[in-house]
Amino acid sequence: MKTNAFKMKLKPGFEEEYKKRHDEIWPELAALLSASGISDYSIFLDQETSILFAVQKLADNFDTSALPNHPIVKKWWAYMADIMEVNDDNSPLEKALLPVFHLD
């Protein structure tokens, strides 16, 4: 199992809406993420900068190319595009984070 961490950027003023949408995450999206090998997935918000910090566990056989092409994922990205910084295809603008410390 691998840990994956990345950051995204929320547009200012959309903190409550972002949380609401994730509190109501679509069951089919949650099932797809789990079935694809994503587990223990958390997103944190830095309220001073509107930066979202995400961390997730990925199964050893996780295929990074599968999810971005899935219709449910594309639909979710379109749904979230009005409140986040996104790429031209509505995928969240993500920046990978480098692990520098871990304590079990």
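Any read-out appearing in this document is the output of simple, stated calculations on the displayed coordinates, not a laboratory observation. Please read all numbers here as calculations on a predicted model, not as lab measurements.
Data table
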{"read-out": "Rg/Rg_ref, the chain, where Rg_ref = 2.2 N^0.38 Å and atoms are Cα", "value": "1.07"}
{"read-out": "Sequence-distant lysines (8 or more away, or on other chains) whose Cα lies within less than 27 Å of residue 11", "value": "19, 20, 57, 74, 75, 95"}
